[in-house]
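K.L.:
Shown below is the structure under consideration.
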Amino acid sequence: MAGKVAAAMLAAACVLSLFLPPPRVLGGAAPAVCRWEDGAVTEETCGSVLSCLTGADETGLLLERGGKAGRIGTGEEFRAYRNLLEEGDLADLLSRPLGDVSPFERAALYRLYGTRGYYAGELFCFDGERVFRTDRTSFDEIMLLFGDLAPDLLADTGATSLVISGGAELSPRGLSGSRLVTVEARAPYFYEDGAIYRRVAGTVRLVAGLPFLTSLTAKFDYLDEDALLPCTALEEADLCGIPQDRFPRDAFAHCASLCVLHTTAENPVLAGTFQRTVAPCGCYIYRRENP
């Protein structure tokens with residue numbers, strides 16, 4: 001029994017170590033002053049801050065402890081490099097190592113961005129000192145800088161968060177099989193209710209649905225080819241009023257969980273057997289038989 005307990009403790013310690021900055025990043029951090037929303041002022045060690053760090057903005061580090069928000073001021077170099085890591089300007093990141101920041105600030109940057117993979121045909125990451133090409137295979141978050149995702153990148157890395165830069169050319173295939181929970185999309189892309197959209201010449205196109213999407217209501221002008229390919233959980237879709245020539249006839253062909261479809265399409269390709277009725281609006285409603 002004692003051996004099993006020791007093994008469990010060792011495993012837990014190994015898991016925890018994955019989320020800690022490397023020793024060279026942690027070393028020598030002096031206490032920092034935190035000002036809390038209730039007026040309290042505390043001195044914080046590097047470890048105590050990393051345990052409740054929630055983010056950073058233009059003025060400092062953001063903390064939350066016991067339901068209270070706190071803030072620790074940061075220096076100019078920290079803020080400038082954080083902006084680079086946040087915006088994902090790969091050319092600047094590759095050419096500019098992290099400059100003169102305190103060990104404390106360096107550890108915070110690593111905690112916030114050390115689990116993000118930057119993708120531009122290959123993966124790059126931040127190790128607490130610089131951004132470089134990497135062979136790492138596990139990331140919490142992927143930031144697509146430009147081009148498209150490799151087909152299995154999200155699934156293979158286990159990423160649960162995706163950031164889409166404005167210069168990306170995202171297609172749905174890279175989302176298939178992923179475990180995404182959150183998406184941040186930058187213009188001309190935007191994200192809403194489990195789907196990624198793109199504004200093009202005054203119109204809105206549905207680029208891709210996420211695997212967890214269960215219900216879709218038309219908030220777009222066009223539905224792109226294979227946009228619903230990742231949508232293995234989709235159960236209901238309402239495309240009322242969207243002309244049939246604005247989406248592929250086989251748009252729902254891969255949606256094996258689909259039970260109800262409201263559409264102008266007379267004979268869409270569907271996975272399974274459906275009964276068709278005419279809705280009061282003139283569209284067709286397809287309901288799966290024996291769902």
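The values are calculated or read from the model by the stated rules, or taken from the named source; none is laboratory data. Everything numeric here is computed off the predicted structure, so don't read it as measured data. Every residue, glycine as well, gets a Cβ built from its backbone with ideal geometry; the counts of neighbours run over all protein chains shown. Each accessible area value is taken on the protein alone, full model and side chains, heavy atoms only, with ligands, DNA and RNA left out. Shrake-Rupley method; radii C 1.70, N 1.55, O 1.52, S 1.80 Å.
K.L.:
Could you say which residue among Ala251, Ala208, Ala233 is crowded, with 18+ Cβ neighbours inside 10 Å and assigned to a loop (DSSP other than H, G, I, E, B)?
P.N.:
Step by step, each of Ala251, Ala208, Ala233 is checked, and only Ala251 is crowded, with 18+ Cβ neighbours inside 10 Å and assigned to a loop (DSSP other than H, G, I, E, B).
K.L.:
Right, something else. Looking for whichever is in a loop (DSSP other than H, G, I, E, B), more than 27 Å from Tyr189 (Cα to Cα) and modelled with pLDDT of 95 or more here; the options are Leu213, Leu228, Leu270. Which one fits?
P.N.:
Leu270
K.L.:
Taking the range 264-282 as the region of interest, how many residues are open to solvent by less than 20 Å² (accessible area, probe 1.4 Å) and touching a helix residue (DSSP H, G or I) at 6+ places or on another chain (Cβ under 8 Å)?
P.N.:
1
K.L.:
Since Arg71 meets every condition but one in (1) over 22 Å from the mean Cα position of the chain (by Cα); (2) modelled with pLDDT under 95, which condition does it not meet?
P.N.:
Here Arg71 meets the rest and fails (2).
K.L.:
Further question on the same structure: Please note which strands (runs of 3 or more DSSP E) are completely contained in the range 99-146 and include at least 3 residues that are of a type outside the set (Ser, Thr, Tyr), open to solvent by less than 50 Å² (accessible area, probe 1.4 Å) and more than 26 Å from Ala30 (Cα to Cα).
P.N.:
123-126, 141-144
K.L.:
Looking at Asp221, Asp156, Asp152 in this structure, which one is acidic (Asp, Glu), on the phi < 0 side of the Ramachandran plot and modelled with pLDDT under 95?
P.N.:
Asp152
K.L.:
Does Leu261 qualify as being modelled with pLDDT of 95 or more, open to solvent by less than 40 Å² (accessible area, probe 1.4 Å), in a loop (DSSP other than H, G, I, E, B) and more than 18 Å from Asp221 (Cβ to Cβ)?
P.N.:
no
K.L.:
Scan the range 236-244 and give yes if some residue there is in a strand (DSSP E or B) and under 28 Å from Leu84 (Cα atoms), otherwise no.
P.N.:
So far as the range 236-244 goes, no, none of its residues is in a strand (DSSP E or B) and under 28 Å from Leu84 (Cα atoms).
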